[in-house]
Amino acid sequence: MRDVLDELDRWWRAGEPVGVATVVATWHSAPRQAGATMLVGPDGAAVGSVSGGCVEGAVYDLARQVTTSGEPALQRYGVSDDDAFAVGLTCGGVLDVYVERIDPAGFGEFAEVAASIRAGAPVAVVTCVSAGEPDPAGRTGRRLIVWPDRTAGSLGAARLDAAAVDDTRGLLAAGRTGTLRYGYDGQRRGDDLLLFVATYAAPPRMIVFGAIDFAAALARVGSFLGYRVTVCDARPVFATPRRLPDAHEVVVDWPHRYLRAEAEAGRVDGRTVVCVLTHDPKFDVPVLEVALRLPLGYVGAMGSRRTTEDRFTRLRSAGLTDEELSRLAAPLGLDLGARTPEETAVSIAAEIVAGRWGGSGVPLSTAAGRIHHEVAESGEAAATG
């Protein structure tokens, strides 16, 4: 990724046109995932790969044509194609490759996007890769740049931009790259327009303390939502990958010590969610002392009403202020009437999602106004009518 970015940046700053081929969708056993990119430079040099060698020759030729003509192209490669074996895609997969020309005149925001990527700041580039045939409005190739708190560019219509920004920020928050479909005026049930969203952000973290059955269910739901899930417990007999197969990592350590070390190393941020499921004061009080003093996205703790009351008393005795304690969701989760670990995990995840986007948690059938929320300048979600 960094080699491709550096080369594209060098050619862009020199004012040279570059052919850029990007995998926008895959099926079956395609060799590369959506977002894989290959450049064809003005000197004919190829950088990166879209298929690990399978269709590079065909894509290279198409990129040279697009660089010359300036007309973008969306091409599908797969074994069902008559020329599949001719271009080398014999793995049984299918991939769609979008090829465009990038230069300063057509992508003036590129330098700012590149700076965000290098700084580790979340940013997404939304490109209209197909607008149907014919395309009288010239939508194909239009771009919209989306940051958590601002945007640049346009896809050609205000309502389309608004819908794409809403949905792209959801993908950006989860660190996911993918496609979106809309009608010409932003209708979500339409499929006239195909947009490719390339996100550049590390996935947010979910740190679960307490290797219990509820943690296994929460790790499954957290992973599904796009979090990188860590489960930490001081008890090695419980903290095992076999018991927690959906966690990305399982750590044996005292919770407060692990969280403090992660914070000091800069590995937690405002998107990080912390869920304390330990039910034991010797574990949960020390880790909550650390968590509630960090700028995290969510801190929740499991327990009965009596356990929660006792926990707040202990935390006050430890010196936490009312303002710090107000950030604690305890008992964590929304009131769904959950009973099983899986249902409880859904309840917790629902509260996290509502907090991220400013949702009320009430049934949509009883609410008024917009279903989706937009992010205010502060970076916090705000409802709009």
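Summary of values
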read-out: Residue match in the range 274-283 (condition: touching a strand residue (DSSP E or B) at 6+ places or on another chain (Cβ under 6 Å), modelled with pLDDT under 95, closer than 17 Å to Ala234 by Cα and assigned to a loop (DSSP other than H, G, I, E, B)); value: yes
read-out: Members of the range 288-313 that are surrounded by 15 or more Cβ atoms within 10 Å (Cβ to Cβ) and not in a loop (DSSP other than H, G, I, E, B); value: Leu288, Glu289, Val290, Ala291, Tyr298, Val299, Gly300, Ala301, Thr307, Thr308, Arg311, Phe312
read-out: Residue in the range 133-143 that is in a strand (DSSP E or B) and open to solvent by less than 20 Å² (accessible area, probe 1.4 Å) present; value: no
read-out: Verdict on Thr230 being crowded, with 17+ Cβ neighbours inside 10 Å, in contact with a Cys (Cβ under 9 Å, 6 or more places away or on another chain) and hydroxyl-bearing (Ser, Thr, Tyr); value: no
read-out: Every residue from the range 250-270 that is open to solvent by less than 60 Å² (accessible area, probe 1.4 Å) and not in a loop (DSSP other than H, G, I, E, B); value: Val250, Val251, Pro255, His256, Tyr258, Leu259, Ala261, Glu262, Ala263
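For every residue, the table says whether it meets (1) at pLDDT 95 or above; (2) at positive phi.
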| site | (1), (2) |
| --- | --- |
| Ile117 | no, no |
| Gly120 | no, yes |
| Thr127 | yes, no |
| Arg139 | no, no |
| Asp166 | no, no |
| Thr177 | no, no |
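The values are calculated or read from the model by the stated rules, or taken from the named source; none is laboratory data. These numbers come from a predicted model, not from an experiment. Note that we place each Cβ from the backbone using ideal geometry, even for glycine, and neighbour counts take in every protein chain shown. Side chains included, ligands, DNA and RNA excluded: accessible areas come from the protein's heavy atoms. Shrake-Rupley method; radii C 1.70, N 1.55, O 1.52, S 1.80 Å.
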